[in-house]
1. Answer yes or no: is there a residue in the range 387-396 that is over 30 Å from GLU274 (Cα atoms), in contact with a Lys or Arg (Cβ under 9 Å, 6 or more places away or on another chain) and not aliphatic (A, V, I, L, M).
2. Mind checking which pairs have a first residue in the range 1-28 that is closer than 19 Å to ASP49 by Cα and a second that is aliphatic (A, V, I, L, M) and open to solvent by 70 Å² or more (accessible area, probe 1.4 Å), Cβ under 7 Å, 6 or more apart or different chains?
3. On the given criteria, is ARG84 open to solvent by 20 Å² or more (accessible area, probe 1.4 Å), on the phi > 0 side of the Ramachandran plot and among the basic types (Lys, Arg)?
4. Do the conditions hold for ILE173, that is, is it open to solvent by 40 Å² or more (accessible area, probe 1.4 Å) and within 21 Å of the chain's Cα centre (by Cα)?
5. Determine, yes or no, whether ALA285 is crowded, with 17+ Cβ neighbours inside 10 Å and either over 30 Å from GLU386 (Cβ atoms) or small (Gly, Ala, Ser) (or both).
6. Would you point out which residue out of ARG351, ARG405 is open to solvent by 60 Å² or more (accessible area, probe 1.4 Å), of a type in the set (Lys, Arg) and touching a residue at least 12 places away in the same chain (Cβ under 8 Å)?
7. Any residue in the range 53-80 that is within 29 Å of GLU92 (Cα to Cα) and open to solvent by less than 10 Å² (accessible area, probe 1.4 Å) sitting within a Cβ distance under 9 Å of a residue that is outside any strand (DSSP E or B) and of a type in the set (Lys, Arg)? List the pairs, counting only those 6 or more apart or interchain.
8. Test ARG301 against the stated conditions and say whether it is of a type in the set (Lys, Arg) and part of a loop (DSSP other than H, G, I, E, B).
Amino acid sequence: MGDTPWSGDACSLVEAFRRGERSPLEELDATFAAIAASRLNAFCYEPTDEARAAAAKADVTLPFGGVPMGVKELDHVEGWPYTRASVVFADERSTFTSTLVRRLVEQGGAVPAGQTTASEFGGVNLTRTVLHGATGNPWDLSRTPGGSSGGSAAAVAGGLVGLATGGDGGGSIRIPAGFTGLVGLKATYGRIPRGPQLQIGNYTTTAGGLTRSVRDTARLFDVANGHDATDSFSLPRVEGWESGLGTHADDLRGRRVAVAADWGGAVVSPAMWEQLEEAAGHLIAEAGLARADGVDTSLPRMGAAWSISGTVNLHNELGDRWPGCADDLTPEMRYAVERTEGLYGTEARGRIEARRTALNDAMARLFEQVDLVISASNPDVAFAAEGPLPSSFGGIDEGAGNNGRLTFPANLHGCPAVSIPAGTLDGLPIGLQVIGPHFTEPLLLELALVMERTRPWPLVAPGAPC
């Protein structure tokens, strides 16, 4: 029995279970002990008895059989709190389980160990709320793990659990993955169903997870992808995510790639970009890609339109609680609600759709010229856990609106993008983002595998569990 949680990836933990070296119940008990001792503030709910009962009967022949799993606070598990990470909904409980969680548990065999903290309503790229306080980055507790899947990222990188769910509506998987040194794949829109009781919103959010290794991510998609009738936009099932790893080298060779420091109109810290550009060159050489210089990668800006359209659902959820609940919201979400109140009407809808159309067409034209785009996952290393959102990036003043520009385009176009660990700067992880056309997740995972094999990264933060 290990006194601390497994520090390898989830796939290797399953192998240890099958060899009889550890048991799911022993692993879960080590997980709960680590959570209790942790300073990360990554978990906000732990159903100890329920989880121990599941671990005791776990089927280790399943893909994630017996693996303790964190479930993002914005995901549904029947009977668990459904707070939206907000004081306003602190007393609500879920009446159903999301398709992602259900598949990971029923088909995958994972054991839900608890609920991981998130940013309020998933609307900010740091995890600090009135309800739960600030979640720390396991590489430096004074820094944020990002958001909105910040608790999931902190729990996995911090050595508490080997797997956690996440969602990406504007970068909420890739941003925390980049800040904490994890693999974070935002898939093609609809790849993993988001039902039941799906509220579609502005057509940007995808479901997924945060993992320590490429094969863990591939296995997660093997288990969870495929159409479900409760999500009419979900895609047909695709097999062979994990078994296909390492088989796409010939598919990559010669593909044209643009390297864009200012992707999405973002400003990136020069010191960080120097390292990421070198990592991009390494990846291009190792994978046999062809760098395409001189390609226009500029895109129409959509950040404000994304924010306005995304806040519509929030206005509806708050309903007549607003404005009485204003003081219960985090400053960022209060500002977002106040700023967008009354803005979304027929005229605004028309402008937003026109901008989305322009961005979609620009992305389509770009992918006619190149096969892939490489950029950064974040404009700088992780900032303070308590916030505020930074406005300066490597000494360049650009304003808080710069946060998220690197990740928005893939959400609005609905195409896949992956954050790959690419070293550290000032002791903090940095992530290389690779964006591809729709349905190219196997190629993105292959590139992540190339990096993993040639420049392996720490599976957990130094000193984990934190």
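1. Within the range 387-396, not a single residue is over 30 Å from GLU274 (Cα atoms), in contact with a Lys or Arg (Cβ under 9 Å, 6 or more places away or on another chain) and not aliphatic (A, V, I, L, M).
2. Listed pairs, sorted by first residue: LEU25/ALA56; GLU26/MET1.
3. yes
4. So ILE173 fails the test.
5. no
6. None of the other options fit; the residue is ARG351.
7. Sorted first by the residue in the range 53-80, then by its partner, the pairs are GLY66/ARG22; GLU73/ARG84.
8. Spelling it out, ARG301 is indeed of a type in the set (Lys, Arg) and part of a loop (DSSP other than H, G, I, E, B).
The values are calculated or read from the model by the stated rules, or taken from the named source; none is laboratory data. Since the structure is predicted, the reported quantities are computational estimates derived from the model, not experimental observations. Note that we place each Cβ from the backbone using ideal geometry, even for glycine, and neighbour counts take in every protein chain shown. The accessibility values were calculated without ligands, DNA or RNA, using every heavy atom of the protein model including side chains. Shrake-Rupley method; radii C 1.70, N 1.55, O 1.52, S 1.80 Å.
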